[in-house]
Amino acid sequence: MSHSTASSLPRMSPPNIVQGGMGIGVSTWRLARHVAQRGEIGIVSGTGIDTVVVRELQDGDPHDRCRVLADYPDTAIAEDLLDRFYQPEGRAPDESYDLLKMHGFEPSVRSQRILAATTFTEVRLAKEGHDGLVGLNLLAKLKRYTLPCIYGALLAGVDIVSIGAGIPMEEARQIPKLAAGEAAELGLDVDTSQAPDVDGSFAYRFDPADVLDDPPTLDRPLFLPIVSSDVLARILDTKLPDDHVDGWVVETPVAGGHNAPPRNKNYAEDHTPLYDERDEADLESVRALGKPFFLAGGYGSPRGLRFARSVGAAGIQVGSLFSLTDESGYPEGTTRRLIRRLHRGDLSVSTDGRVSSTGFPFKVLTAEDTLADEEVYAERRRVCDLGYLREPYLDGKGRLMGRCPAEPVKTYESRGGDPDEAEGRACLCNALLANIGHAQRRADGPEPPLFTGGDALENLPLGSADDPQYDADDVIEYLYGAVRSGQGGKEGTQKHPRPHPAD
């Protein structure tokens with residue numbers, strides 16, 4: 001279907017629920033498809049999707065990517081992926097994963113084609129067997145992955161693109177170009193301090209004609225930027241053509257994953273961000289923009305849904321509850337262990353202002369045997385072999401390069417980075433892949449995980465210590481106020497910079 005106006009987004013019931021895009025491979029196609037089949041909005045994560053797919057291929061292709069790649073129009077890159085990575089019998093347990101070449105700021109066309117193809121498989125799997133709405137979630141911080149991922153999603157018929165962790169102004173302008181088969185680009189904020197004589201701007205460029213000989217004209221997906229305040233929503237609404245933004249997801253700082261930095265720029269001594277009333281969005285101002293909006297972060301309850309509807313929102317975005325369902329990308333043993341420990345009170349949620357290389361605060365579950373454990377963090381040898389969170393800089397020869405404060409400190413410093421910026425940083429790339437059962441095998445053992453989730457998990461309303469399991473249907477029924485007997489059913493209270501929205 002064509003998505004040309006804001007009115008294309010259903011404003012009423014259903015959908016009331018957007019299943020949030022989470023981490024690397026947590027909001028998997030299985031979860032998004034199930035939610036979309038229920039008449040709500042299912043979202044897949046595009047972050048790290050190229051690595052997720054090639055690791056699945058090396059593990060014997062448990063999710064039938066080979067079948068979907070056979071339908072991809074760029075047959076040469078599909079065959080190349082299978083020839084290089086597919087192992088029908090899977091890897092040996094102690095075998096390391098073969099890696100893709102790191103996607104650069106001036107990448108090879110082959111690398112862009114791989115990104116498009118792997119994103120295509122995720123969206124196509126999510127859309128099979130129903131006519132519901134499926135979206136793609138991306139991070140504005142990861143600009144060099146955005147355009148190829150969106151194009152692969154467009155080829156798979158994605159309905160919605162949702163981008164957070166930044167202000168996706170340029171992205172909104174580029175999506176219609178990609179749908180039209182035209183070349184697109186995103187500006188890069190490059191550190192030029194080591195090459196001060198170099199002038200000019202920098203951009204990441206992607207051309208659909210490098211993927212397909214005759215790029216088709218495709219439907220423009222709905223665009224739902226994730227914003228932390230009414231101010232950002234108004235900026236986007238003012239500076240962009242009306243048909244470039246179809247609605248908003250307004251997210252508070254209690255949401256899982258990355259959060260917006262506090263507007264007051266205040267942090268405690270342990271780097272915990274200190275939010276105040278300035279971080280509270282004026283929902284009436286958002287409503288006055290005249291487009292559908294969803295509330296996220298602390299609204300994942302029947303009470304939160306009722307409040308959202310009472311202030312004119314189309315509904316709520318829910319991530320953390322869905323992250324522990326049977327359909328999420330976490331292995332079954334992981335979800336059951338986390339649910340059991342949450343109900344026993346063995347885990348808490350903290351907001352860490354240092355752990356993410358992006359500089360954004362990041363929610364962390366304080367679990368043993370993960371990077372949230374100081375001993376585990378100290379023992380892990382720093383390595384940067386995936387590079388999703390690398391930042392661009394010009395070296396002394398004027399070459400566009402990348403560095404990450406979570407890489408070895410001496411390496412980071414040799415590339416012009418401030419060693420103080422490396423303190424407390426963790427490799428989210430490897431840790432989030434470990435979360436979903438794709439930990440890289442090192443000489444001293446597998447990469448440790450680092451779990452994330454919103455504050456609401458501390459009062460998990462589903463599952464129990466004795467029966468640590470629930471599915472996406474349970475979440476939807478709970479949110480609509482029809483919790484199955486025998487499950488928690490408590491609405492809970494969350495840590496929040498302001499009173500709970502329904503109080």
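None of the figures in this text is laboratory data; all of them are computed from the coordinates on show. Keep in mind it's a predicted model, so treat the numbers as computed, not measured. Neighbour counts run over all protein chains shown; Cβ positions are idealised from the backbone, glycine included.
Cross-link partners for LYS239 among the lysines, with Cα-Cα distance under 18 Å and sequence neighbours closer than 8 places in the same chain left out: LYS177, LYS291.
Take the Cα of GLN87, go 7 Å toward its beta carbon, and the backbone nitrogen atoms of the range 442-479 under 13 Å from that spot belong to 442. Selection among PRO62, GLY387, PHE360 by position relative to the dipole of the chain gives PHE360 as farthest towards the positive end (Cβ unit charges, Cα centre). Of all DSSP beta bridges confined to the chain, the antiparallel ones make up roughly 40%.
For the peptides 54-60, 186-192, 75-81, the ranking by packing is 54-60, 75-81, 186-192, with the highest mean count of neighbouring Cβ atoms within 10 Å listed first. Spin-label model, SER464 to ALA268: label points 7 Å out along the Cα-to-beta-carbon direction sit 3.3 nm apart.
From most to least packed by mean Cβ count within 10 Å, the peptides 145-151, 157-163, 207-213 give 145-151, 157-163, 207-213.
Here LYS101 is the anchor, and the lysines within straight C-alpha reach of less than 24 Å, apart from those fewer than 8 places off in the same chain, are LYS141, LYS143, LYS397, LYS410. If R0 is taken as 41 Å, the Cβ-Cβ distance between ARG110 and THR192 corresponds to a FRET efficiency of 0.90.
Near VAL161, the amide H atoms lying under 5 Å from its own belong to LEU136, LEU222, PHE223, LEU224; only residues 5 or more places off or on other chains count, and H is placed 1.01 Å from N. Taking the Cα centre of the range 291-340 as origin and assigning +1 to Lys and Arg Cβ atoms and -1 to Asp and Glu Cβ atoms, the resulting dipole is close to 260 debye.
Calculated mean residue ellipticity, 222 nm, the chain: -8500 deg cm²/dmol, from DSSP H runs (n ≥ 4) at -39500 (n - 2.57) each, averaged per residue and rounded to 500. Near TRP248, the amide H atoms lying under 5 Å from its own belong to PHE293, PHE294; only residues 5 or more places off or on other chains count, and H is placed 1.01 Å from N. Rounded to the nearest 20, the Cβ-based charge dipole of the chain about its Cα centre (Lys and Arg +1, Asp and Glu -1) stands at 600 debye. In plain terms, the chain from GLU413 to GLN37 could stretch by 130.4 nm, reckoned as 0.36 nm per residue minus the Cα-Cα distance.
When peptides 132-138, 333-339 are ranked by their average number of other Cβ atoms within 10 Å per residue, the highest-first order is 132-138, 333-339. Once the Kirkwood radius over Cα pairs is known for the range 167-265, the Stokes-Einstein relation at 10 °C and 1.306 mPa s delivers a diffusion coefficient of 98 µm²/s. In plain terms, if you count all Cα to Cα distances in the chain and split them into 10 Å steps from zero, the share in each step is 4, 20, 32, 29, 13, 2, 0 percent.
Selection among GLN37, THR272, GLY315 by position relative to the dipole of the chain gives GLY315 as farthest towards the positive end (Cβ unit charges, Cα centre).
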